[in-house]
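Structure first, commentary second.
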Protein chains: 2
Amino acid sequence: MWDSNREGFEAFHAMFYPRAVAVVGASTHRGKVGNFVLRSALASHVEKIYPVHAGGAREILGVKAYPSIGDIPDDHVDLFLFAIPHEHILSSFEAAVVKGCRGAVIYTAGFREAGQEGLEKQRRLRSMADEAGVKIIGPNTMGFYRVDSAMNATFMPVLSDFFQEKGRITVVSQSGGVAGFAAIRFVEDRVPMGTLVCLGNRANVEFADMLDFCAHDKETSVVALFIEGLDDVRRFYESAARCAAQKPVVVLGAGYSAAGQKVARSHTGSMARSEAIYDGVFRQAGLIQVRTVEELVDTAKILDISPRPQGNRVGVITHTAGPAVLASDVLSHKGLVLAELSKKTQKALVARKVLAPFTPPENPVDLTTFGYLDRRLYGDVLELLGEDPGVDAVLAICISALGDPYVAPFPMEAFGRKARQIGKPAVFVWGAPSCASEEFLAWKKAGVAAYATAERAAAALANLWAASRRGREVQKAVKEKPLPESLHRFVQDLRSLGPRLCGETETKELLQRAGLPTARTVVAATEEEAVRAAESMGYPVVLKIVSPDIVHKSDVGGVQLGLNDEDGLRRAFRAMMEQVRRAVPEARILGTAVQPMVPEGLEVIVGGFRDPQAGPVVMFGLGGIWVEAFNDVVFRLAPVSVDEARRMIEEIRGKKVLEGLRGRPSANKEALAHLIVTIGQLMDQLPIQEIDGNPVMVHGNTYTIVDARMSVF
Amino acid sequence: MWDSNREGFEAFHAMFYPRAVAVVGASTHRGKVGNFVLRSALASHVEKIYPVHAGGAREILGVKAYPSIGDIPDDHVDLFLFAIPHEHILSSFEAAVVKGCRGAVIYTAGFREAGQEGLEKQRRLRSMADEAGVKIIGPNTMGFYRVDSAMNATFMPVLSDFFQEKGRITVVSQSGGVAGFAAIRFVEDRVPMGTLVCLGNRANVEFADMLDFCAHDKETSVVALFIEGLDDVRRFYESAARCAAQKPVVVLGAGYSAAGQKVARSHTGSMARSEAIYDGVFRQAGLIQVRTVEELVDTAKILDISPRPQGNRVGVITHTAGPAVLASDVLSHKGLVLAELSKKTQKALVARKVLAPFTPPENPVDLTTFGYLDRRLYGDVLELLGEDPGVDAVLAICISALGDPYVAPFPMEAFGRKARQIGKPAVFVWGAPSCASEEFLAWKKAGVAAYATAERAAAALANLWAASRRGREVQKAVKEKPLPESLHRFVQDLRSLGPRLCGETETKELLQRAGLPTARTVVAATEEEAVRAAESMGYPVVLKIVSPDIVHKSDVGGVQLGLNDEDGLRRAFRAMMEQVRRAVPEARILGTAVQPMVPEGLEVIVGGFRDPQAGPVVMFGLGGIWVEAFNDVVFRLAPVSVDEARRMIEEIRGKKVLEGLRGRPSANKEALAHLIVTIGQLMDQLPIQEIDGNPVMVHGNTYTIVDARMSVF
């Protein structure tokens, strides 16, 4: 599968490990980007650096400069860094290709984000690059930094000072600013970083490309993404799912609010989609979602160094209960629980005298001030929790001595060693300011993920658990279940006259042919036909107007519920015809639809649509007016597996109603999962633009699609 | 009003500014709490320090020591610090009172949190202290630290090193550990702190006492609370509302999850209540709620130094859009919006040439890399936003030069000066690690609230806006509206035989007498009576069984809806009698209740109950099975004002359904507010233990209480 991307992998490799680098627009002027970029390049480990200066400088920052790209005496310059005005980019790029360019960084703005003209320029750039097999980071980017090769291709030379120790976390960010803030978090928390890539306006390097690279990159153990909006959601999904099957991928999505979207659009030129759809895609691909840059780095850090927990039961060691309460709230909110200690552990806690006389041997294990003063107790308790089969992970809390010479230092190395021995993840809440950062450095050396607050440590541990759970649920490729030929033919017939909106009857017929239970609907042109139809299905029935010109039937008197007998039906038929004709005289009326009255039940909705960026999407949620209030719907790319459909149902916030509240029977979730899977297949294999089953009435073990509609293209 | 508390204020004053301090249990041993406490005392500015050492040491840490409290040659020792085993506390406390003790700190554990015996000991301690007019911090506490007097009464002497600059933020925390983590945040972020008080097990100093003190304390500008659970919610509410009317009060509540509650209870001995009730009380008192210790300190900091915004429109200045997207998402989520810049501002941005040629003069004002390189541009834009009447606050984002000597330093002082001139709040997102903490120090000196991430700055600004809005809505004292004598008499009659559960008929009669529209209910002992009742109200009707022994009527066939005529009613009556007698042979059956069938509508619920800690509470929410799924209810202490009832309605997450979805009429919110206010009055003035109107059926402009029940005590 990967082989087809081999070329892409090699292009990235050439970019990250270049033999020679050209800095086009290198400048002696301190305030110019070309000056910063050249200084970054000089801080890198490359054999050759060629500054290009159109003004004719012979030497810049001590390096021989060239008046044009053509003058560079080297035909194997892997990497070109462009810090020149946008109007010169295209011609310069052409010249670079001649010099062997495999990768390029374009810092300059004025492309896709700058109106129609910029967009056109970017398109031309892209096709030139694709043709030449060159990967372009940018335009409008801060560039990239690869610690392993010390290749600093950003306009921030200081990054080379900050990041020297090799890490294995790769950060891919749309925004250079957010990448900068993430980098600062790495520095602050003493987390080694591996690679930082800012995609900017993405001429031909997308998140998907970077994910394909990361999946196979030996220097990447964890991927952290910052996404403001995707152009091709489906390609992203496929690459992300493939990468996440190899190594954890954490994602911070932004631009979800109207305000955020406006900002995101205007600077990257890409439209951020609804949070719910992105949420669905991220889940489906097996990514770990976070809410802040801080949480992004915190989570990447623990994923990088900790073993995965086998379950969700956390043992807590502390000398002070308040922070344990804060941590417990966060853990609990994210689906983890406080472990129940085994009798054996409890006895051992008492026998080893690690607790004060009045402290019960419970979880959290509260060492009180004795633990603050004698920090070796933490290791003792860690060992006991390690042996307890009811404990899957440990969260420990301690306040630093903060320089008090009377408090013995924490035996960090010994604690870290024990943590490795027990083989369970152990995170530390270390009460110290970053100005005591040697302490955080010591925790890092001890191999323990330490955080400055209880809330952050608990969130990171919870995300570790989510990653380990997702790992076990690895998305199996959805089995292709070709739909029967008859369904294809049926939809082909519907669209024989071109794209159109289909009515209830046609949509339900499709759903019925696909094996889904729908409320039967018979079209009756006359009163007599309606009566015959009702008799064939049994009273009570519902009568609805059928007209291609009427969308909101009930607004014009075109719906009558609960008709109990022939008499009622006849009266309703006549009244409806009269009322609708009066309300919409110009409407073509094809007759009425008769269907059995479906008893009240729990309303859900199911549907699908074709998104310009995501392709076919399937949706499920609670129905009725409540759903409009709570907007409790979830999305996935179609098709979905049965497992994925089950997860969709579990994600519904109000899913309790499916589980039988107030003595109502619980819904048949397997049947609903089958419904979702089927809608996903229809969306995937048929030319349907949009389809909706709303409401779907659930009655305990069964359900009925009461109303439905779709459009074909 | 305050005068009654004058004595309390003075006792705290004596504690925070003591002339003489005794350290009982002072120790030479480095590992003893008594050693830490003595070192803290020695770091304080007090005239006299008396170590007390039962072992007979003559001198400890260079200070003359005494074998017992009685031996101290001073009868005006304001403050006693007890670091002795719990079994000696009571007798020592008695001796301290003789020596003029006004305030005491008891570090020792083993009281309230340690079972029945400990609880009893704490009760005795409390009554001794109350009698003597002494305020006790603790037991089981880290103590307090007052920067203004440099009085360090904690067992962390290092606090005296960290906090020397006087601040005006008072932190009151149940937990010493959380206080420690908060203190570390202050150090980390260079925020000066004023007073830190750890309440521990609260012998006789509660949050309410500290809030009463803070309301009048000149050294307090902002109060920050960490609460795990309250004993007397109503007293807390009253003090908090009084204090919040004077100065902002920020609160971090914890122990809401089942796991967190368990931890909180076991260490402070107090039961944390449902998050929803606390949330209601905090809102009602006008407090600003936060979610993490970091946000607590971040919010206190901005409240301490920033002017209040006059509206919710934020202008953003940045050189990089990504972090602006993150900030916009947070602002938007919390009800703030990106300001629309005036034409004048837009023109000025262009005229002054602060923007790159292709950058539109829009909000966020994106200075791009030019702004990163020329940081004076920030001040220019700030001035323009200051003049724009459509901008209420400014959020600026810039990444530090991080030591790059080629990037000019940010003119922080000038920016701060301009911010003060424009008189609007300006927060800064400063991209630097804390190890560059001189930069944060410089921001502090410049008077600008600066934060290390966009998310934190945006959240702090949003909380500032919430505080300013709350300030304008200051809770007016609820006007006492005495209920008519007849209602009192009615309830008195109901409880004449003692506390009991009242049925639907009695409850509805009370509600009707209180002027609330209820579905009429007539009790009919016989079939004939039922028919007469139905005729008097008109069909369709509902029939329900009436029995003091049956709570869940529908489970035993005791409810029949939609009876359309006499025939149906008679059949239903007979069937019901038979079915109920068969299902519950031992039940006393008083007859049936007949009521008109209320058409389906939007279901809401209203209710009240008497909470052991909070007293009368009123509740409102959406009804039906959906509420059980979403638990969308809000609480307040009763009585509530009309304004407060309106706010309750606005807090409902699914309030859209009240606003008329899918063409349904919108609910009459004023009528619902009146309903809530009335239930609050009933709860406040009558001996009702619990009352519920469920469902209340809303039909556009009107509503009907369909079913109701209550218990009296």
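Within segment B:85-113, the residues that satisfy the criterion of being of a type in the set (A, V, I, L, M, F, W, C) and surrounded by fewer than 20 Cβ atoms within 10 Å (Cβ to Cβ) are B:L90, B:A95, B:V97, B:V98. Within segment A:226-248, one or more residues are surrounded by 23 or more Cβ atoms within 10 Å (Cβ to Cβ) and acidic (D, E).
Suppose the filter is of a type in the set (V, I, T), more than 20 Å from the chain's Cα centre (by Cα), not in a helix (DSSP H, G or I) and not assigned by TED's automatic domain parsing to the domain that holds A:Q122; does A:V172 pass it?
no
Determine, yes or no, whether B:G416 is of a type outside the set (F, W, Y) and without any contact (Cβ under 8 Å) to a residue 40 or more places away in the chain. Criteria met by B:G416.
Return yes when A:V134 is more than 9 Å from chain B (Cβ to nearest Cβ) and touching a Cys at 6+ places or on another chain (Cβ under 9 Å) and no when it is not. First the steps, then the outcome.
Numbers: more than 9 Å from chain B (Cβ to nearest Cβ): yes; touching a Cys at 6+ places or on another chain (Cβ under 9 Å): yes.
In short, yes.
Please verify whether segment B:552-570 includes one or more residues that are in a helix (DSSP H, G or I), at pLDDT 90 or above, hydroxyl-bearing (S, T, Y) and under 27 Å from B:E603 (Cα atoms). The answer is no; no qualifying residue exists. Residues of segment B:510-534 that are over 25 Å from B:H699 (Cα atoms) and either surrounded by 20 or more Cβ atoms within 10 Å (Cβ to Cβ) or in contact with a helix residue (DSSP H, G or I) (Cβ under 6 Å, 6 or more places away or on another chain) (or both): B:V523, B:A524, B:E527, B:A530, B:V531.
A:I652 meets each of the listed conditions (1) at pLDDT 95 or above; (2) surrounded by 18 or more Cβ atoms within 10 Å (Cβ to Cβ); (3) closer than 27 Å to A:G286 by Cβ apart from (1).
Does B:A203 satisfy being aliphatic (A, V, I, L, M), closer than 20 Å to B:K444 by Cα and outside the structural domain of B:Y107 (by TED's automatic domain parsing)?
no
With the condition kept exactly as written, say whether any residue in segment A:637-648 is over 27 Å from B:L602 (Cα atoms) and part of a strand (DSSP E or B). So far as segment A:637-648 goes, yes, one or more of its residues are over 27 Å from B:L602 (Cα atoms) and part of a strand (DSSP E or B). Residue-level check: of (1) outside the structural domain of B:Q689 (by TED's automatic domain parsing); (2) not in a helix (DSSP H, G or I), B:G608 misses just (1).
So that you can scan it fast, the table gives a plain yes or no per residue for (1) away from chain B (no Cβ under 14 Å); (2) surrounded by 21 or more Cβ atoms within 10 Å (Cβ to Cβ):
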site	(1), (2)
A:A41	yes, yes
A:Y50	yes, yes
A:Q116	no, no
A:R123	yes, no
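Considering segment B:292-315, the residues that are at the interface with chain A (Cβ under 8 Å from one of its Cβ atoms) and not acidic (D, E) include one that is surrounded by the fewest Cβ atoms within 10 Å (Cβ to Cβ), namely B:T292.
Would you call A:A401 in a loop (DSSP other than H, G, I, E, B), on the phi < 0 side of the Ramachandran plot and within 14 Å of chain B (Cβ to nearest Cβ)? Judged against the criteria, A:A401 is a match.
Taking the criterion of being in a helix (DSSP H, G or I), within 13 Å of A:Y703 (Cβ to Cβ) and either free of Cβ contacts under 8 Å to residues at least 60 places away in the same chain or within 14 Å of chain B (Cβ to nearest Cβ) (or both), the residues of segment A:653-688 that qualify are A:L658, A:K669, A:E670, A:A671, A:A673, A:H674.
Suppose we keep only residues that are of a type in the set (S, T, N, Q) and surrounded by fewer than 21 Cβ atoms within 10 Å (Cβ to Cβ) within segment A:394-437. Which one would you say is farthest from B:D189 (Cα to Cα)? Here the residue is A:Q421. Could you tell me whether any residue of segment B:17-25 is surrounded by fewer than 17 Cβ atoms within 10 Å (Cβ to Cβ), assigned by TED's automatic domain parsing to the domain that holds B:V134, touching a residue at least 12 places away in the same chain (Cβ under 8 Å) and in contact with a strand residue (DSSP E or B) (Cβ under 9 Å, 6 or more places away or on another chain)? There is at least one residue in segment B:17-25 that is surrounded by fewer than 17 Cβ atoms within 10 Å (Cβ to Cβ), assigned by TED's automatic domain parsing to the domain that holds B:V134, touching a residue at least 12 places away in the same chain (Cβ under 8 Å) and in contact with a strand residue (DSSP E or B) (Cβ under 9 Å, 6 or more places away or on another chain). Among the residues of segment B:535-567 satisfying the criterion of being touching a residue at least 24 places away in the same chain (Cβ under 8 Å) and within 14 Å of B:G591 (Cβ to Cβ), which is surrounded by the most Cβ atoms within 10 Å (Cβ to Cβ)? Applying the filter and picking the extreme gives B:I545.
Restricting attention to segment B:370-378, does a residue exist that is touching a helix residue (DSSP H, G or I) at 6+ places or on another chain (Cβ under 7 Å), more than 22 Å from B:R185 (Cα to Cα) and of a type outside the set (F, W, Y)? Taking every residue of segment B:370-378 in turn, at least one turns out to be touching a helix residue (DSSP H, G or I) at 6+ places or on another chain (Cβ under 7 Å), more than 22 Å from B:R185 (Cα to Cα) and of a type outside the set (F, W, Y). Out of the residues in segment B:42-71 meeting the condition of being assigned to a loop (DSSP other than H, G, I, E, B), under 23 Å from B:V147 (Cβ atoms) and of a type outside the set (D, E, K, R), tell me which one is nearest to the chain's Cα centre (by Cα). Selected residue: B:S44. Filtering segment B:147-169 to residues that are away from chain A (no Cβ under 12 Å) and more than 24 Å from the chain's Cα centre (by Cα) leaves B:V147, B:D148, B:S149, B:A150, B:M151, B:N152, B:A153, B:Q164, B:E165, B:K166. Number of residues in segment A:2-57 that are modelled with pLDDT under 95, of a type in the set (V, I, T) and farther than 17 Å from A:T195 by Cα: the value is 2. Looking only at segment A:334-372, residues that are without any contact (Cβ under 8 Å) to a residue 24 or more places away in the chain, more than 17 Å from A:V391 (Cα to Cα) and either within 7 Å of another protein chain (Cβ to nearest Cβ) or surrounded by fewer than 18 Cβ atoms within 10 Å (Cβ to Cβ) (or both) come to 7 in all.
The values are calculated or read from the model by the stated rules, or taken from the named source; none is laboratory data. Owing to the predicted nature of the structure, the values given are computational and were not obtained by experimental measurement. Virtual Cβ from ideal backbone geometry, glycine too; neighbours counted across all protein chains shown.
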